[in-house]
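Single-structure report; data block below.
No value in this document is a laboratory result; all are computed from the given coordinates. As the structure is a prediction and not an experimental result, all values here were calculated from the model. Heads up, the Cβs are rebuilt from the backbone with ideal geometry, glycines too, and the neighbour counts pull from every protein chain shown.
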Amino acid sequence: MKKIAILSGKGGTGKTSLCASFALLAGRKIICDCDVEAPDLHLVLQPKILHRESFYGMPKAKLYEEKCQLCGLCVNYCRFEAISKLNGTYFFDSISCEGCGVCAKFCPAEAIKMERVLSGEWFISMSRAGIMVHAKLGVAEGGSGKLVSTVIKAAEKMAEKEVFEYILIDGPPGIGCPVIATLSRVDLALIVTEPTTAGIHDLERILDLSLHFKVTPRVIINKFDLNMKKSKEIEGYCLNKGIPLLGKLPYNPIFSEAIRCGKAVIEIDEEIARTVSSIWNEINIKKE
Amino acid sequence: MTISVSSGKGGTGKTTVAVNLFLSLEEKLQFFDCDVEEPNASLFLKIRFLSSFKFNIPVPEINEAKCDLCGKCAEFCAYHALAVLKDKVIFFPQLCHSCGGCLLVCPNNAIKEKERPIGIMDRGMAFSPIYKREFEFWQGILNVTEAIAPPLIRALKKNIDRDKLCIIDSPPGTSCSMIESIKGSDFCILVTEPTPFGIYDLEMALKVIRTLKIPAGLIINRSESKDELIEDFSRKENLPILGKIPLDRNIAILYSEGIPFVLEMPEYKNFFKNIYQNIKEIVRNEKNSYS
């Protein structure tokens with residue numbers, strides 16, 4: 001079984017549009033949406049939830065005011081600026097709290113407790129493209145990296161019992177915590193880029209990251225005809241680095257149209273369907 | 001006043017809005033690129049970089065001579081950044097949040113902190129071709145392979161000058177990095193695209209912004225005059241629409257070249273100026289309603 005993540009560095013290059021299409025083309029697979037901060041894949045694949053589980057991120061510090069002796073030690077110890085003096089008591093900002101536990105450990109009055117907080121939910125569902133694991137982070141909650149790992153681990157666990165060819169992952173943008181949580185568990189990174197100054201800048205950073213994690217990268221250029229010069233630049237860059245370019249897709253409002261209809265782009269445009277299929281075949285053939 | 005630009009979904013046009021707004025105004029300005037994972041604003045601006053600082057975070061250093069491998073540090077570390085084996089302590093720097101807990105719990109005083117670089121902070125002057133002036137520009141760049149962006153964003157924002165109009169370009173998403181970037185702003189511009197993806201993520205981002213109690217308004221990017229869904233949403237949520245930028249191949253091409261479109265389409269200067277006037281008004285009313 002191969003674990004494939006679709007990544008981009010820069011947001012909005014077409015990760016989800018492509019992932020939905022690959023999900024419909026791939027054989028036996030588990031689909032994961034690891035963009036837990038802004039998940040969209042479910043809007044196309046319409047999963048029906050079969051199983052749901054609570055997600056607990058880091059615990060948060062909670063003050064029991066009746067015990068507090070107002071010594072202020074907690075304010076000095078907190079490195080996250082999460083505790084402040086307010087109207088004669090201390091205010092604990094749960095959004096800033098990173099759950100380290102230092103304040104609770106060293107409060108001489110034992111007035112602070114670290115408490116478990118529900119930080120989101122994750123689901124195993126049946127979608128129109130097959131089994132899907134996805135999640136939703138609670139409002140203003142942290143822990144997206146941990147939630148990403150939870151989602152992928154759940155898929156891996158299912159793959160222990162049943163035979164799957166692929167775990168196909170719609171990844172988050174950026175190069176930080178949730179992307180690292182994704183890359184550290186996959187074999188292949190499909191990097192969707194666009195021929196823009198910003199797209200190229202971000203491509204370089206995500207490629208460096210995938211090489212660092214020894215994950216094989218492959219590149220797809222989306223909106224290639226928006227700027228032919230920049231597309232050539234990307235092609236040259238990939239050639240230079242020895243990273244195979246799997247294909248190019250045009251700049252076409254049909255991508256947005258597909259999203260509006262709740263469809264994958266390959267379901268509504270034949271030409272794009274042919275290109276995406278040939279890209280998928282490349283991945284499929286070279287899976288061993 | 002501090003105005004942050006955010007979205008939830010990536011690639012909706014945050015940097016485009018932030019940069020074009022910045023270039024359209026003649027107030028005393030500061031620009032902060034807080035998307036430290038993928039900082040792109042500098043690609044659209046002519047910047048004279050003045051200085052670059054290493055950004056370090058404190059991490060534990062274990063003095064093996066004093067350490068008796070009691071394991072208290074690893075037991076305390078909420079992030080599993082320390083592991084105590086039979087003969088040594090292993091530290092995983094990427095997992096460390098720099099809380100300082102391990103050195104406080106060590107009974108043998110065997111842990112000290114040392115500085116570990118996780119990124120850089122650049123300061124420069126961005127040239128505004130419209131007003132032939134330079135404005136202060138700051139950006140943070142997280143080193144590739146580093147997982148934790150918020151400390152860098154926090155440090156970057158310490159340079160905000162409250163007497164200036166400060167524009168913050170924020171990262172996508174709805175969690176730690178996004179929250180750290182927009183926290184403390186007087187106003188947040190949400191940029192969306194009029195698709196179900198855009199709206200779904202906008203809704204998530206708006207909930208975060210409402211939790212943080214930041215007044216907000218919406219800019220619809222790539223509008224195709226099929227914006228009914230988003231207009232309904234904004235009415236229902238009482239989220240004012242500040243403006244619309246049409247789906248226009250020319251704007252996309254300028255973007256691809258790294259050219260802020262207001263420089264080639266000067267009619268947009270007033271569009272952004274009006275948005276700023278609008279925001280000022282909303283912020284003023286908001287303040288009055290609290291006092």
- Task: Report the net charge of residues surrounding residue A:156, where surrounding means a beta-carbon distance below 9 angstrom and charges are Lys +1, Arg +1, Asp -1, Glu -1.
- Result: +3
- Query: Among A:261, A:19, what is the fewest-to-most ranking by other Cβ atoms within 10 Å?
  - Reply: A:261, A:19
- Note on the structure: Taking Cα atoms only, helix A:270-285 is inclined relative to the longest principal axis of chain A by an angle, in degrees rounded to 10, of 80
- Looking at segment A:193-244, which trypsin sites (Lys or Arg not before Pro) are in a loop (DSSP not H, G, I, E or B) and have at most 16 other Cβ atoms within 10 Å? A:214
- Quick one: what Rg and Dmax do you get for chain A from the alpha carbons, in Å? 22.1, 71
- Item | Residue among B:211, B:289, A:56 farthest towards the positive dipole end of the protein assembly as shown, charges placed on Cβ | A:56
- Message: Are there any trypsin sites (Lys or Arg not before Pro) in segment B:202-291 that are in a DSSP loop and have at most 14 other Cβ atoms within 10 Å? List them by number.
- Response: B:213, B:226
- Query: Based on the alpha-carbon gyration tensor of segment A:171-273, what equivalent-ellipsoid semi-axes (square roots of 5 times the eigenvalues) come out, in whole Å, largest first?
  - Reply: 24, 18, 12
- Message: Please compute the length gained on full extension between residue B:211 and residue B:265, using 0.36 nm multiplied by the number of residues separating them and subtracting their Cα-Cα distance.
- Response: 15.8 nm
- Item | Residue pairs, from the table A:223/A:263; A:146/B:66; A:85/B:287; B:66/B:158; A:248/B:9; B:164/B:269, whose Cα atoms sit over 28 Å apart | A:146/B:66; B:66/B:158
- Query: What is the spin-label model distance, in nm, from residue B:27 to residue A:212 if the labels are put 7 Å beyond Cα along the C-beta direction?
  - Reply: 3.6
- May I ask you to list the residues of segment B:132-146 whose amide nitrogen lies under 18 Å from a point 7 Å from Cα along the Cα→beta-carbon direction of residue B:95? B:145-146
- So which of A:3/A:29; A:48/B:207; A:113/B:112; A:60/A:105 end up more than 18 Å apart, counting from Cα to Cα? A:48/B:207; A:113/B:112
- Message: Per-residue Cβ counts within 10 Å, from other chains only, averaged over A:246-256: what number is that?
- Response: 2
- Task: Order by neighbour count: A:71, B:102, fewest other Cβ atoms within 10 Å first, most last.
- Result: A:71, B:102
- Ascending count of other beta-carbon atoms within 10 Å, so fewest first, for A:285, B:219: A:285, B:219
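Using the 2.2 N^0.38 Å rule of thumb for compact globular proteins, work out how segment B:32-191 stacks up: its C-alpha Rg over that value, please.
Output field value: 1.28.
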- Message: On a straight-distance basis, which aspartates and glutamates could pair with residue B:14 in a cross-link, Cα separation under 14 angstrom, same-chain partners fewer than 8 positions away excluded?
- Response: B:33, B:35, B:38, B:169, B:193, B:201
- Relative to the longest principal Cα axis of chain B, at what angle does helix B:14-24 sit, 0 to 90 degrees, rounded to 10? 60
- Message: Taking beta carbons within 10 Å but only from partner chains, what does the mean come to for residues A:95-106?
- Response: 5
- Item | Distance in nm between pseudo-label sites at residue B:53 and residue B:85 (7 Å out along the Cβ direction from Cα) | 3.8
- Item | Centroid-to-centroid separation of segment A:166-212 and segment B:1-73 [C-alpha atoms, Å] | 19
- Message: For a test of the definition: using alpha carbon positions, the gyration tensor, and the 1.5 limit on a/c, classify segment A:60-116 as rounded, prolate or oblate.
- Response: rounded
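Could you tell me how many cubic angstrom of Cα convex hull volume segment B:64-109 has per residue? List each step's numbers first, then the result.
Numbers: hull volume 3.1 nm³, N = 46.
Normalising the Cα hull of segment B:64-109 by residue number yields 67 Å³.
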- Query: Cβ under 15 Å from residue B:238's Cβ, residue B:238 left aside: what net charge do those residues give with Lys, Arg +1 and Asp, Glu -1?
  - Reply: 0
- For the protein assembly as shown, the spread of Cα positions along each principal axis, largest first, Å: 68, 61, 46
- Query: In peptide B:171-184, how many Cβ atoms from other protein chains are near each Cβ within 10 Å, on average?
  - Reply: 6
- So which of B:28/B:157; B:157/B:183; B:244/B:273 end up more than 20 Å apart, counting from Cα to Cα? none
- Reduced to Cα centres, the span from segment A:1-26 to segment A:52-84 in Å works out to 39
